[in-house]
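K.L.:
Starting off with a structure, shown below.
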Amino acid sequence: AAAQRGALLGEAAKARERREERRLQREIEEATQDHDAYLELGVEAHLPAEFVGDRKLRLQVYRELDEIRDAAGRARAAEALRDRFGRLPDAVERLLDLFLLKRLLGEMGLRRVRWCETHFAVEFRDAR
């Protein structure tokens, strides 16, 4: 009975963490700049909880990463993360690349880029 309760509590904690991560992702999307391209590329790019444990701090870091404007900014952000948290996991390196990519594609007039198994679907902003 105690083992079952422990298992149930563990599953409840995991479900709560998944809900919190989804909420955090929505907040991140809302915090991003309107002029950036929205990317759906199917790559693992995020700040793992093992890398930045506190959820509020993770949200703050995502907002800081949203300030990346160019390759030099990406390099500065990578160095700052290394100084604060240590060696960057591959998912974080990809995240830095995606923040830069969404900014550059947005500046080129793209609204959304989506990977569709065999090709990219690209949506442009309306010319006004």
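The values are calculated or read from the model by the stated rules, or taken from the named source; none is laboratory data. None of the values given here were measured: they were computed from a predicted structure. Note that each Cβ is placed from the backbone with ideal geometry, even for glycine, and that neighbours are counted across all protein chains shown. Protein only, heavy atoms only, side chains kept; ligands, DNA and RNA dropped before computing areas. Shrake-Rupley method; radii C 1.70, N 1.55, O 1.52, S 1.80 Å.
K.L.:
Could you check Glu107 against (1) without any contact (Cβ under 8 Å) to a residue 40 or more places away in the chain; (2) open to solvent by 100 Å² or more (accessible area, probe 1.4 Å); (3) closer than 18 Å to Asp36 by Cβ and say which number it fails?
P.N.:
For Glu107, the failing item is (1).
K.L.:
Quickly run through the stretch 50-64 and pick out the residues that are of a type in the set (Ser, Thr, Tyr) and either more than 29 Å from Phe120 (Cβ to Cβ) or open to solvent by 60 Å² or more (accessible area, probe 1.4 Å) (or both).
P.N.:
Hits for the stretch 50-64: nothing passes.
K.L.:
Within the stretch 40-49, is there a residue that is assigned to a helix (DSSP H, G or I) and either open to solvent by 80 Å² or more (accessible area, probe 1.4 Å) or of a type in the set (A, V, I, L, M) (or both)?
P.N.:
No: zero hits.
K.L.:
Any residue in the stretch 76-95 that's farther than 15 Å from Gly53 by Cα: show its pairings with residues that are of a type in the set (Val, Ile, Thr) and open to solvent by 50 Å² or more (accessible area, probe 1.4 Å) at Cβ separation under 8 Å, as long as the two are six or more apart or on different chains.
P.N.:
Arg94/Val43
K.L.:
Also: Let me confirm something: among Val92, Val122, which residue is closer than 16 Å to Ala45 by Cβ and not in a loop (DSSP other than H, G, I, E, B)?
P.N.:
One residue alone meets the criteria, Val92.
K.L.:
Considering each of Leu101, Leu110 in turn, give the residue that is under 26 Å from Asp126 (Cβ atoms), modelled with pLDDT of 95 or more and not acidic (Asp, Glu).
P.N.:
Step by step, each of Leu101, Leu110 is checked, and only Leu101 is under 26 Å from Asp126 (Cβ atoms), modelled with pLDDT of 95 or more and not acidic (Asp, Glu).
K.L.:
Another question, then. Of the residues that make up the stretch 27-40, is at least one over 26 Å from Met108 (Cβ atoms), out of contact with any Pro (no Cβ under 6 Å at 6 or more places or on another chain) and modelled with pLDDT under 80?
P.N.:
yes
K.L.:
Residues that are among the basic types (Lys, Arg) and part of a loop (DSSP other than H, G, I, E, B): does the stretch 67-86 have at least one?
P.N.:
Looking through the stretch 67-86, at least one residue is among the basic types (Lys, Arg) and part of a loop (DSSP other than H, G, I, E, B).
K.L.:
Being touching a Lys or Arg at 6+ places or on another chain (Cβ under 9 Å), within 13 Å of Tyr38 (Cα to Cα) and not charged (D, E, K, R), is that true of even one residue in the stretch 86-97?
P.N.:
no
K.L.:
Related question: Which residue out of Leu9, Leu101 is among the aliphatic types (A, V, I, L, M), assigned to a helix (DSSP H, G or I), open to solvent by 40 Å² or more (accessible area, probe 1.4 Å) and touching a residue at least 24 places away in the same chain (Cβ under 8 Å)?
P.N.:
Leu101
K.L.:
Could you please find all residues in the stretch 51-66 being free of Cβ contacts under 8 Å to residues at least 12 places away in the same chain and in a loop (DSSP other than H, G, I, E, B)?
P.N.:
Gly53, Asp54
K.L.:
Still on this model: For the stretch 40-63, give me each residue that is of a type outside the set (A, V, I, L, M) and in contact with a helix residue (DSSP H, G or I) (Cβ under 7 Å, 6 or more places away or on another chain).
P.N.:
Glu44, His46, Pro48, Phe51, Arg55, Arg58, Tyr62, Arg63 - these are the residues of the stretch 40-63 that are of a type outside the set (A, V, I, L, M) and in contact with a helix residue (DSSP H, G or I) (Cβ under 7 Å, 6 or more places away or on another chain).
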